[in-house]
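Values in this text are rule-based calculations from the coordinates and carry no lab data. Since the model is a prediction, treat every value here as computed from it, not as a measurement. Using ideal geometry, Cβ is built from the backbone for each residue, glycine included, and neighbour counts are taken over all protein chains shown.
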Amino acid sequence: MPSIQPGDIVVVLFPYEDIAVKKARPCLILASHPDGRLLAVKMTSTRLDRWWAYRLESGTACVSKGSIRLESWLNLRRRAWIQPEDVGVWCASLKPEVFQEILDKFNPPENL
């Protein structure tokens with residue numbers, strides 16, 4: 001498996017709210033920590049019409065490598081630090097401009 005970078009979409013064992021249970025989910029990697037952990041945000045095919053969600057088109061419109069199988073939404077409120085051993089299949093890499101737009105939504109300027 002290639003080294004996972006911020007902007008990559010991968011399948012990971014994502015923790016439920018109680019943290020003890022994990023489920024394989026597609027996620028976007030937002031950041032990496034010096035200790036090797038990865039900050040992941042959960043993806044869903046359930047339509048999310050909320051300010052904290054971000055829509056990703058299916059196919060290759062949003063990605064520079066790979067593809068997104070289904071139209072998906074990032075739930076920017078559901079994120080977790082993932083251990084590298086919990087990363088499964090690599091799916092795609094977002095285009096840099098799409099990834100930056102997500103980061104800007106995730107970290108809005110202080111004056112908003």
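Below is a table of values for the structure above.
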{"quantity": "Residue-span extension gain [Gln83 to Arg69] - 0.36 nm each, minus C-alpha spacing", "calculated": "2.6 nm"}
{"quantity": "Footprinting exposure proxy for Cys62, Cys27, Cys91 (fewest neighbouring C-beta atoms within 10 Å first)", "calculated": "Cys91, Cys62, Cys27"}
{"quantity": "CD proxy at 222 nm, helix term only [per DSSP H run n ≥ 4: -39500 (n - 2.57); per residue of the chain; nearest 500]", "calculated": "-3000 deg cm²/dmol"}
{"quantity": "Selected from Pro26, Pro84, Pro34 as most flexible by GNM, with the chain as the system and alpha-carbon contacts under 10 Å", "calculated": "Pro34"}
{"quantity": "Cleavage-rule hits, chymotrypsin sites (Phe, Trp or Tyr not before Pro), the range 34-109, DSSP coil, Cβ neighbours within 10 Å at most 16", "calculated": "Trp51, Trp52"}
{"quantity": "Loop-resident sites, the range 1-100, for trypsin sites (Lys or Arg not before Pro), counting at most 13 other Cβ within 10 Å (DSSP)", "calculated": "Arg47, Arg50, Arg69"}
{"quantity": "Compactness of the chain as Cα Rg over 2.2 N^0.38 Å, two decimals", "calculated": "1.01"}
{"quantity": "Extension gain (nm, one decimal) between Lys22 and Thr60, 0.36 nm per residue minus Cα-Cα", "calculated": "10.8 nm"}
